[in-house]
Amino acid sequence: MDIDNLLQRNILGGQEYEPLFPRVSCDKTKLGNGNTFDTVRMIKEMVIKYNHQTKEVAKVLQKSSLKETCDKIYWFLYNHIQYKADGLEQNLRSPACAFRQRVSGVDCKTYSIFASCLLANMGIRHYIRQIKQPSFRPDLYTHVYVIVPLNQETGDIKDGYFIIDGTTSNNREPIYTMAHDTEVNLPHYGLNAPTAKGKRKTIATKTKTVAKESNKPLLLGIGALLGGLFLFGKSNK
């Protein structure tokens, strides 16, 4: 079975979105070797590093409800970025690189990075889910996509969730025998520092206010007189 032919689609041009992404060269950098859990860890690292690339397009795609937003992200990914399975090399593209190479195609890992970056910019809790499928190498994790919990406060997927899987034509969750979820959390920083020694403190001093006699009545009187002369002159032309 040729998975590329099975999952490829006719994509839209998408030129109107190009100004929303930074320009990148898509140069390749080796991230290391590992199993699928290492891959998911690297996906999360890519999201943390490159989510800023989707800041502008996220504003366009975010809708009033969680469902509408997830549907819109799926629509964008499925209809603007072609599918192409990776070979021996596992390629993790940044969103800007994925959009630049949208005609040649990306696979499930890059779709997941892109969706996760968008959700991160929208402040929406979500997970990267990797699954084992009974119909394809059932002993291995062979597919990855994003799930978004309905309960955004607790993040508990037992309350239900939406999926975003840019590889499929119907955005339905595949049948799986095992799943492992990794929540994507962006780093947080606290900012504080003691005053450096030797620096002088700036002390605010109260400025003295001196009352002055206003010239406004005189100026207003002159203005009114000039205005009256102007109107008088016009009325007698």
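None of the figures in this text is laboratory data; all of them are computed from the coordinates on show. This one's a predicted model, so the numbers in the text were calculated from it and none came from an experiment. Methodologically, a virtual Cβ is constructed for each residue, glycine included, from the backbone with ideal geometry; neighbour enumeration extends over all protein chains shown.
Some values worked out for this structure:
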item: For the range 43-183: rounded, prolate or oblate by the Cα gyration tensor [a/c cutoff 1.5]; result: oblate
item: Ranking of Asp165, Asp139, Asp4 by count of other Cβ atoms within 10 Å, fewest first; result: Asp139, Asp4, Asp165
item: Debye, to nearest 20: dipole size of the range 43-183, +1 on Lys, Arg Cβ, -1 on Asp, Glu Cβ; result: 380 debye
item: Within straight-line cross-link reach of Lys59, aspartates and glutamates at Cα separation under 16 Å, skipping those fewer than 8 residues along the same chain; result: Glu16, Glu18, Glu68, Asp71
item: Total charge dipole magnitude, the range 141-187, about the Cα centre, Cβ charges on Lys, Arg, Asp, Glu only, Debye to nearest 20; result: 180 debye
item: Fewest-first ranking of His126, His52, His143, His80, using other Cβ atoms within 10 Å as the exposure measure; result: His52, His80, His143, His126
